[in-house]
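The values are calculated or read from the model by the stated rules, or taken from the named source; none is laboratory data. Please read these numbers as outputs of a predicted model, since none were measured by experiment. Backbone-built Cβ (ideal geometry, glycine too); neighbour counts: all protein chains shown. Protein only, heavy atoms only, side chains kept; ligands, DNA and RNA dropped before computing areas. Shrake-Rupley method; radii C 1.70, N 1.55, O 1.52, S 1.80 Å.
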Amino acid sequence: MHMHRFRARVFLRSISLCKSKWHQHHGAQFHFSQNRTSTTGPKFMEFAAEPSMQLQVLKALCSGQRKKASDLLLDFGSRTHSLTADDFLHIFKFCARSPDPLFVMEIWRFMELKGVSMNDTCSSLMMEALCEGGYLEEAFDILDFLGGSQCLYPVLPLYNSLLGSCSKMQSLIQANKCLDLMEKKMVGKSEVTYTELLKLAVLLKDLRAAHLVWQEYVKNYSMGIIALRRFIWSFTRLGDLESACKTLQQMVSLAVRGNISIAKTVYGKLYSTRMDIPVPSNKGLGLTISDFKEIKKLDSCMSAELDGLNGEEHSLLMKVLRWSFNDIIHGCANQKNYILARKLILQMENIGLQPSCHTYNGIIKAVASHGSLGDAIEVLKKMQQKNLKPNDSTLATLSITCCRTQQLDLAEAFLNQISECLYPHPYNALLASCNELNQPERAVQVFAKMKQKKVLPNIRTCELLFSLFGVVNAPYEDSNILSQVDAAKRINAIEKYMATNGIQHSHLSIKNIVRALGEEGMIREMIQYLHVAENLFIYRNPSLGTHMYNTVLHYLVKAKESDLAIAIFKKMKLCGCDPDSETYNIMINCCTILKSYRSACLLISTMIRKGFCPVICTYTAIIKILLEDENFDEALNLLKQVILDGIQPDILLYNTVLKQACYKGRIDVIELIVEGMRREKVPPDPRTCGYVFSAYVDSGFHNTAIEALQVLSLRMMSEDGNLLGEKKKIVNEFIMSEDLAAESRILKLFEDSEDELAVGLLNLRWCAIAGFPICESADQSLWARRLEGKRL
């Protein structure tokens, strides 16, 4: 009586939990069962010899008629006077295959009411149905109940099935509970147990647990090919290539000795033919035939010994070996271990193991991860010579590698060969390269192909789209109303594209929008997006705000919106965002708009107290304020101190002084700065030439202006101001040529980003056309020699 009450209590608890979970997670199970009708229908041929009532229950279940199946089950009991567990076998099989944990519990209740004893097969199928359906708690209850039954004792396969379900659900707590129960019941462990434990370790990314499984396994079993294969797979997935390689050497050693024991089922699944009898191994990972660093030391007779196996054994062994080599090679690609991958390929060749398409894909990825595009393409050629085609992921890897080396034509060619791209990463890489190289036209084509192939974007795609297309005007072009309208339309279109694909803004995507609006001078819209960024990111994580605020402050200062910049700077500090060196330099530059030397000095003082050292742009802003006040002496003294402090002045600082000196007609300052540039080896740029030339012309020194223009142009084209060798030939070709197309050829240099060379050639050609003699070296100029005596 006590046993019956216990059974009823366990059943009611389990069936209640099952129903709750069923309605919560599997409300559409009836329709789901109908979808299986076509696949399970032919199975009825197997049941032709079974009683018709069991067949009717199965048909009702397959058609999704659960209530009818329950009614038929009750009718089944009333019509049949003697029932056994085998009468329910195929119903249990269906429930395990579906899985249908609720109906399997209903069968169990019916069998309990009819006094039908459960056998090992049916109990195993019931456990499988519960486990596959995710009802682990109920499975534990049933297992505990069966353990207390006098007529049936749960065997090890039941526990292994439950442990396997714990692994699938990545439930460490339930797995430990199962192991404790196994230890309590003293059911022991089999090879299947260790396999499930190994799967759990991989799913939980626990390398230490995988090594513990290895240590316990070798205490109880000698290693076989299939077991080694599982450990190689596990160590590789967990990133332990060293252990994986050592294990691989054990596998090769077993293969050479003929210890194979492999066969395959009718379904093609490989299994070990060894009896599952514990036989301790006398070798651990530390006692392998070769350390992974010495893989190349191989026995030359291996290939011959492997060839001595019979056809099927040889075929299965080669398959397992190739799988294991491939696993580690792909692991090498993930860890960028190109050297180890090459050693493994050599070992494959030495033992007569032909690389497969999967092998070559792994090698190409490993080589590409090392940054060697040429070697990767060589491997690709070998692959194609053997009529093997790279898979889509390999083509994606090659395309990404080409993008890193800025070979965009080749990258696009590989990308076009991909038949199905599940992830946008290769397209993102190409878009990023287009952004870096300022090729928006190519980016438009890439994005169009991405949409054509229906590749779903991610947030990185949208970040790049804002960066590529948010700014309408080319560099150095001023914005206007038309460009601002166009920019707003583009940003709006990209945001709609994001919404269509369910993508939310990131910190970087909004920052790119802010930058685009700032470049177009759309201050009001830029501030609106700053507020969006504050609400989404900055108030929650102030550390993200510094770069965003710096971007906004930069464009406010550029637009001479000093009052708004000061307000944003104060708000930035109130939000908890710590200003950095860039922030202080932007605000010091803002002081040049206000012409406030005192405010700039206060900011520098605060900057130094916060641990930030002034840099060259800091001094440029201070000198600019002094020059605006016509305080040239103090500005030159500060410049001299900068040089004495070991800070290298840049062309922007020198041009800042030259610009103001040109406006004020200070030839003495002009000459001091030009000589200072020569001493500090800072080459002039086109602005330098313009300021110096204009200053002399405005002062009436025309000949000196031409001479200075020639010297500065020569120094702009060559560091020492001397044209020798090829450069001299180029100068003579372009400057002295009477061909009308000469200037067009000079202007073409701008397309190759050789601005200084192009401007220098145009300046010298203009001097030649004006009738002035051209000097080939700055040292020949009397003006340059005269300036050598001037010092700050």
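Ratio of Rg to Rh for segment 487-630: 1.03 [Cα atoms; Kirkwood radius as inverse mean 1/r over pairs].
With a 1.4 Å probe and all protein chains in place, put His425, His90 in order of accessible area, largest first. Before the final figure, lay out the partial values.
Details: His425 100, His90 25 Å².
The ordering from most to least exposed comes out as His425, His90.
In this structure, Gln170 and Val266 have a Cβ-Cβ separation that, at R0 = 30 Å, corresponds to a calculated FRET efficiency of about 0.45.
Rolling a 1.4 Å probe over the protein chains gives Asp71 an accessible area of about 80 Å².
Once you reduce segment 765-785 and segment 539-605 to the center of their Cα atoms, the two points are 46 Å from each other.
For a protection proxy built on the mean count of beta-carbon atoms within 10 angstrom, sort 401-413, 583-595 highest first, please. Display every interim value, and only then the final one.
On the way: 401-413: 17.8, 583-595: 21.5.
Highest to lowest by the protection proxy: 583-595, 401-413.
Peptide packing for 370-381, 226-237, 260-271 was compared via the average number of neighbouring C-beta atoms within 10 Å per residue; ordered from the highest value, the list is 226-237, 370-381, 260-271. In terms of its alpha-carbon gyration tensor, segment 600-685 comes out oblate; a/c meets the 1.5 threshold, while b/c is at least as large as a/b.
Checking the cross-link pairs Lys168/Lys189; Lys386/Lys454; Lys558/Lys595; Lys246/Lys269 against a 23 Å limit on the alpha carbon distance flags Lys386/Lys454; Lys246/Lys269 as lying beyond it. When peptides 531-539, 708-716 are sorted by average Cβ neighbour count within 10 Å, with the highest value leading, the order is 708-716, 531-539.
Pairs to check: Lys511/Lys570; Lys570/Lys624; Lys199/Lys219; Lys199/Lys381. Give those whose C-alpha atoms are more than 30 Å from each other in this structure. Walk me through the intermediate numbers first.
Values: Lys511/Lys570 20 Å; Lys570/Lys624 24 Å; Lys199/Lys219 19 Å; Lys199/Lys381 37 Å.
Listed pairs above 30 Å: Lys199/Lys381.
Can you give me the accessible area per residue for segment 483-550, using a 1.4 Å probe, in Å²?
Numbers: 3160 Å² over 68 residues.
Dividing the accessible area of segment 483-550 by its residue count gives 47 Å².
Which translational diffusion coefficient, to the nearest whole µm²/s, is obtained for segment 429-546 from the Stokes-Einstein equation, given a Kirkwood hydrodynamic radius over C-alpha pairs, 25 °C and 0.890 mPa s?
Working: Rh = 14.9 Å.
D = 165 µm²/s.
For the pair Cys601 and Asn416, a Förster radius of 56 Å applied to the C-beta separation gives a FRET efficiency near 0.40, rounded to the nearest 0.05. Cα-based values for segment 354-491, radius of gyration first and Dmax second, are 17.5, 65 Å.
With a ≥ b ≥ c taken as the square roots of the eigenvalues of the C-alpha gyration tensor of segment 320-370, please select rounded if a/c is under 1.5 and otherwise prolate if a/b is larger than b/c or oblate if it is not? The shape class here is prolate.
Here Lys496 and Lys389 are evaluated by their C-beta separation; at R0 = 35 Å the FRET efficiency comes out at 0.35.
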